[in-house]
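Here's the structure, in structure tokens; my notes come after.
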């Protein structure tokens, strides 16, 4: 059956976007939920429910879903507590503020005091600060995740070039790209990565067989991503690196009729485009998702949305994604990305929220 035409995107300039055309109370999930058993150790006790009928195809929703990683060879969460976390990135042990780490520390104080690098400054996720080093460290160091190699760097906003909890999405995306390639061998799946940062999602998607368009507003981030491509030996893979405002880019793609089989977006709370364009997550995300819907191919496989604005609710994101995808087959699942400690304690640390749609 033909897909319903997408609704007109809402203006990002309006702080209170108008209601979507055709929206109704019937589009909201019913209160009755079906019980669902535990699935895997990565997905904790999801509930499943179905939205009220709106056309012949309706997306299924599942929440809460906890996507968990215990790390890999180049990453570990060693300890957390008292508003900080202690991690290992490759050879370096790093100490940073973490508002979600509200419990007590499990490791002795000497472990924390011996950290190679400590970030001091604003406790907000994107707040500025500075690094204090226990010993002289190189400006960059190499790490690996899956088939991708990448450089770590100590950035002024506490980051080092990778968000390790995203491995749950990277592996999920790779599996869907390979499945899409098997179904349609005549062409590679097309993937759009918005707010692409240092390019790990793009590199792993391309390595899995996708043709990737990577968009970020920062020239430095694009340069870093291309550097990671060279380190990974993936220069021959089909990746377009585009420095542009994400909203402007996807609006142009919609006008041109370009479509994608998979879309990944990881927007910040606030940001600026290369020409001073202003992004505000709570104001602009609904219009962005309308545009995402308009550039989805007829046989699209997935959409992934990650949000690091923890004061938001994964349920709010879920309802928004359910609204945008209401008439499609498949499933929207929403919840949190979680990192599990190694060693003593093995507690879980929530790092971000997500919603993702899959046609399967």
Of all residues making up the range 93-117, the number that are without any contact (Cβ under 8 Å) to a residue 60 or more places away in the chain and surrounded by 15 or more Cβ atoms within 10 Å (Cβ to Cβ)
8
Here is a list of conditions, (1) under 30 Å from residue 359 (Cβ atoms); (2) without any contact (Cβ under 8 Å) to a residue 60 or more places away in the chain; (3) not assigned by TED's automatic domain parsing to the domain that holds residue 210, and residue 174 meets all of them except one; can you say which number that is?
(3)
Please report, ordered by residue number, the strands (runs of 3 or more DSSP E) entirely within the range 78-171 with at least 3 residues that are in contact with a helix residue (DSSP H, G or I) (Cβ under 7 Å, 6 or more places away or on another chain) and in the same structural domain as residue 198 (by TED's automatic domain parsing).
none
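Give the residue, chosen from 260, 197, that is on the phi > 0 side of the Ramachandran plot and surrounded by 22 or more Cβ atoms within 10 Å (Cβ to Cβ).
Numbers: 260 fails: on the phi > 0 side of the Ramachandran plot.
Exactly one of 260, 197 is on the phi > 0 side of the Ramachandran plot and surrounded by 22 or more Cβ atoms within 10 Å (Cβ to Cβ), namely 197.
In the same structural domain as residue 180 (by TED's automatic domain parsing) and part of a strand (DSSP E or B) - does that describe any residue in the range 248-257? Spell out how you get there, then give the answer.
Looking only at the range 248-257, we keep the residues that are in the same structural domain as residue 180 (by TED's automatic domain parsing), and these are 248-257.
Filter again for part of a strand (DSSP E or B), leaving none.
No, the range 248-257 contains no residue that is in the same structural domain as residue 180 (by TED's automatic domain parsing) and part of a strand (DSSP E or B).
So, residue 318, is that one in contact with a strand residue (DSSP E or B) (Cβ under 8 Å, 6 or more places away or on another chain) and under 26 Å from residue 69 (Cα atoms) or not?
Working: in contact with a strand residue (DSSP E or B) (Cβ under 8 Å, 6 or more places away or on another chain): yes; under 26 Å from residue 69 (Cα atoms): yes.
For residue 318, the condition - in contact with a strand residue (DSSP E or B) (Cβ under 8 Å, 6 or more places away or on another chain) and under 26 Å from residue 69 (Cα atoms) - is met.
Among the residues in the range 207-216, are any touching a residue at least 24 places away in the same chain (Cβ under 8 Å), surrounded by fewer than 21 Cβ atoms within 10 Å (Cβ to Cβ) and either in contact with a helix residue (DSSP H, G or I) (Cβ under 6 Å, 6 or more places away or on another chain) or outside any helix (DSSP H, G or I) (or both)? Walk me through how you get there before you give the answer.
Within the range 207-216, the first condition is being touching a residue at least 24 places away in the same chain (Cβ under 8 Å), and the residues that meet it are 207-216.
Narrowing further to those that are surrounded by fewer than 21 Cβ atoms within 10 Å (Cβ to Cβ): 207, 209, 211.
Still in the running and either in contact with a helix residue (DSSP H, G or I) (Cβ under 6 Å, 6 or more places away or on another chain) or outside any helix (DSSP H, G or I) (or both): 209, 211.
The answer is yes, given that some residue of the range 207-216 is touching a residue at least 24 places away in the same chain (Cβ under 8 Å), surrounded by fewer than 21 Cβ atoms within 10 Å (Cβ to Cβ) and either in contact with a helix residue (DSSP H, G or I) (Cβ under 6 Å, 6 or more places away or on another chain) or outside any helix (DSSP H, G or I) (or both).
Can you find, within the range 67-83, the residue that is surrounded by the fewest Cβ atoms within 10 Å (Cβ to Cβ) among those that are over 16 Å from residue 163 (Cα atoms) and in contact (Cβ under 8 Å) with a residue 24 or more places away in the chain?
Of the residues in the range 67-83, the ones over 16 Å from residue 163 (Cα atoms) are 79-83.
Narrowing the set further to residues that are in contact (Cβ under 8 Å) with a residue 24 or more places away in the chain leaves 79-81, 83.
On the way: 79: 24, 80: 25, 81: 18, 83: 13.
Among them, the one singled out is 83.
The values are calculated or read from the model by the stated rules, or taken from the named source; none is laboratory data. Just so it is clear, the structure is predicted and the values come from calculations on it, not from any experiment. For neighbour counting, all protein chains shown are included, and Cβ atoms are generated from backbone atoms with ideal geometry for every residue, glycine included.
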